[in-house]
Amino acid sequence: MTRAVLVRGLGKKYRGSGWALDSVDLDVKPGETFALLGPNGAGKTTFVKCLLGLLKPTSGWVTLFGLPASDPRSREGTSFVPEAPRFPDYLTAREVMKLHGRLSNLSGDDLNRQVDSLLESVDLIDASKPVREFSKGMIRRLAIAQGLLGTPRLLVLDEPSADLDPIGRRNLRNQLIERREQGATIVLNSHLLSEVERICDHVAIIHRGRMVAAGSIEELVPRGQDLETVFVDLITAADS
Amino acid sequence: MKPVLTIALAAVREHTRRKFLLFFLAILLAVTAGMIYLTYNRTLGGALFDAAVNLVNVASLSFMFFIAALTTIAVSMGNIGRPFSDGEAMLVLARPVARWQYGIGRLLGSVFVVLILCLLMAGQMQVVQLFEDTQISSQLPGHWATTAFNLTLLAAITTLLSSLLNTPILVAIGSYLVYQALGAISVLNVMAKSDVLRGWMAGVVRIAYFLSPKTLVSPLTSAQLSEAAPRGGGVPSVPSTSGGTVIMAFVYLAAIVLATVVIVQRRDL
């Protein structure tokens, strides 16, 4: 079966510094909801960027649905919500959504319907001002809305809950659960372990660029413990 | 081609909301009003006044080309480096869009703005023509095609620099200096041809001239308006009526675009 995400020996070394990622292997099957966990500076964002072909790996390779990540066709049906989203300053939320919709091969009534529905769901339907006048929270909500355009088959989210209020977080969680039920593969990079436990069925823990553990939540978290305890124990053990 | 056009049109939409175009339009209207006033009243002040009006009109058209060049630099200076460094390009490139499509789309957005500038300046000249005795309208299409090419070349040079530098203001300064340097090479080449420069210096200048991109010269032949036609501030130039040299000018433009694409393909986000 073709893997949604297949990573082998992935390494990334930035000029003038050490290895941000070192020989990472990972398999994500279609329909899995997968969380990438790790302390700050562990290499999670670098991993996500390599996954989407935004960074060129120093070693190893990545495929999305059987195609190399460097091939733009591998990103058909893929959406990304970055940690620090930026949009063209002078476009409105609707124009940003239409830009991303068209780049995802949506058009006509279907595009307009999805844009209206998603802007409504993130409470930006009446936002007619340019993006440069948006608050951090509004930009985050717009990033989530563009990420949900076009029924994505792979949704990659890097710290999507940052800057969101509790209502926004609940809405995001519901949207992700809905996409999961529609069969989307989700790769979630988050510090909110309680959120991860609610949404995800598989996790990988990365520390100092190396994979420390990977598997289903049932496999990794013994009965009577929670993900946070397991996470802290694994990182402490890796440090010592 | 669809992603390229989508990115280009989004860039145009963004540029048209910036203050650069409003600034350009305000200057254009002021200059046009001044030219019309002087041209309309040229018969009132005798031969000396008539000559002064011609001089001011020539200077005004050159000044508008200079403002158009600055506007072109302003809309192109943030084409690649800024969106790559601040993360704006990341969201677009996470879609099924190739990097070369992003680079070409951004450049095309600048070229569309250049065409808008040329249309506005063509409108200005046409309006002033209504008050002139000598009509040159049959030569205007070639003239504006030439101007559009020269501004497109400037947009391409600015975009190439923006793929190397992340700070827009440095790109703008660098682009302006490169454009002026091309002018200096042209002057030195004339000096080399007329033996003012000799020996190895003349050789270096000729090689530099051969390697540097060239702008085109307007085909306007009317005595009055061939002087008035903006020529790009003395940048190395070839006549746009000369087929082989025009092809070479396009080859240089294509080389600049190709270099930009190669750099964009290699950049990390």
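The values are calculated or read from the model by the stated rules, or taken from the named source; none is laboratory data. Bear in mind the structure is a predicted one, so any value in this text is a computation, not a measurement. FYI the Cβ positions are ideal-geometry reconstructions off the backbone, even for glycines, and counts take in every protein chain you see. Heads up: the accessible areas ignore ligands, DNA and RNA and are worked out on the full protein's heavy atoms, side chains in. Shrake-Rupley method; radii C 1.70, N 1.55, O 1.52, S 1.80 Å.
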For residues that are more than 14 Å from chain B (Cβ to nearest Cβ) and within 21 Å of B:S85 (Cβ to Cβ), scanning just segment A:18-44, find the one that is surrounded by the fewest Cβ atoms within 10 Å (Cβ to Cβ).
A:G41
Somewhere in segment A:84-93, is a residue under 18 Å from the mean Cα position of the chain (by Cα), surrounded by fewer than 17 Cβ atoms within 10 Å (Cβ to Cβ), over 21 Å from B:L9 (Cβ atoms) and within 14 Å of chain B (Cβ to nearest Cβ)?
yes
Out of B:L28, B:L44, B:L107, which single residue is surrounded by fewer than 15 Cβ atoms within 10 Å (Cβ to Cβ) and either touching a Ser or Thr at 6+ places or on another chain (Cβ under 7 Å) or more than 21 Å from A:E95 (Cβ to Cβ) (or both)?
B:L44
Considering only segment A:1-17, how many residues are open to solvent by less than 60 Å² (accessible area, probe 1.4 Å) and not β-branched (V, I, T)?
7
Restricted to segment A:98-128, and to residues that are within 14 Å of chain B (Cβ to nearest Cβ) and not in a helix (DSSP H, G or I), which residue is nearest to A:L164 (Cα to Cα)?
A:S128
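Does any residue of segment B:166-174 turn out to be within 17 Å of the chain's Cα centre (by Cα), modelled with pLDDT of 90 or more and of a type in the set (S, T, Y)? Before you say what the answer is, go through the steps one by one.
Start the filter on segment B:166-174 by keeping residues that are within 17 Å of the chain's Cα centre (by Cα), which leaves B:171-174.
Filter again for modelled with pLDDT of 90 or more, leaving B:171-174.
Narrowing the set further to residues that are of a type in the set (S, T, Y) leaves none.
No.
Output the residue which, of all residues in segment A:50-71 that are surrounded by fewer than 17 Cβ atoms within 10 Å (Cβ to Cβ) and touching a helix residue (DSSP H, G or I) at 6+ places or on another chain (Cβ under 9 Å), is farthest from the other protein chains (Cβ to nearest Cβ).
Ranking the qualifying residues of segment A:50-71, first place goes to A:G66.
Condition check ((1) open to solvent by 20 Å² or more (accessible area, probe 1.4 Å); (2) charged (D, E, K, R)) across all residues:
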{"position": "B:P3", "(1), (2)": "yes, no"}
{"position": "B:K19", "(1), (2)": "yes, yes"}
{"position": "B:N79", "(1), (2)": "no, no"}
{"position": "B:R99", "(1), (2)": "yes, yes"}
Hey, any hits in segment B:189-210 for a residue that's under 30 Å from B:L55 (Cα atoms), of a type in the set (A, V, I, L, M) and at pLDDT 75 or above?
yes
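Return a yes/no flag: does segment A:158-166 have any residue that is free of Cβ contacts under 8 Å to residues at least 24 places away in the same chain and in a helix (DSSP H, G or I).
Taking segment A:158-166 and keeping what is free of Cβ contacts under 8 Å to residues at least 24 places away in the same chain, we get A:166.
Now narrow it down to the ones that are in a helix (DSSP H, G or I): A:166.
Yes, segment A:158-166 contains at least one residue that is free of Cβ contacts under 8 Å to residues at least 24 places away in the same chain and in a helix (DSSP H, G or I).
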Going residue by residue through segment B:171-184, is there one that turns out to be touching a Gly at 6+ places or on another chain (Cβ under 6 Å), of a type in the set (S, T, N, Q), surrounded by 15 or more Cβ atoms within 10 Å (Cβ to Cβ) and touching a residue at least 60 places away in the same chain (Cβ under 8 Å)?
no
Quick one: count up the residues across segment B:7-54 that are more than 21 Å from B:C118 (Cβ to Cβ), among the basic types (K, R) and modelled with pLDDT of 85 or more.
0
Return the residues of segment A:94-109 that are open to solvent by 30 Å² or more (accessible area, probe 1.4 Å) and within 17 Å of B:Q101 (Cα to Cα); say none if nothing qualifies.
A:R102, A:S104, A:N105
Could you pull out every one of the helices (runs of 4 or more DSSP H) wholly within segment B:71-136 that has 2 or more residues that are away from chain A (no Cβ under 14 Å)?
B:99-129
From the options A:F80, A:F47, A:F134, residue that is buried (at least 22 other Cβ atoms within 10 Å of the Cβ), more than 10 Å from chain B (Cβ to nearest Cβ) and of a type outside the set (G, A, S):
A:F47
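Matching residues to (1) among the hydroxyl-bearing types (S, T, Y); (2) open to solvent by 70 Å² or more (accessible area, probe 1.4 Å); (3) part of a helix (DSSP H, G or I):
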position: A:I139; (1), (2), (3): no, no, yes
position: A:L155; (1), (2), (3): no, no, no
position: A:L172; (1), (2), (3): no, no, yes
position: A:E178; (1), (2), (3): no, yes, yes
position: A:E195; (1), (2), (3): no, no, yes
position: A:A213; (1), (2), (3): no, no, no
What's the total number of residues in segment A:58-85 that are part of a loop (DSSP other than H, G, I, E, B) and free of Cβ contacts under 8 Å to residues at least 40 places away in the same chain?
5
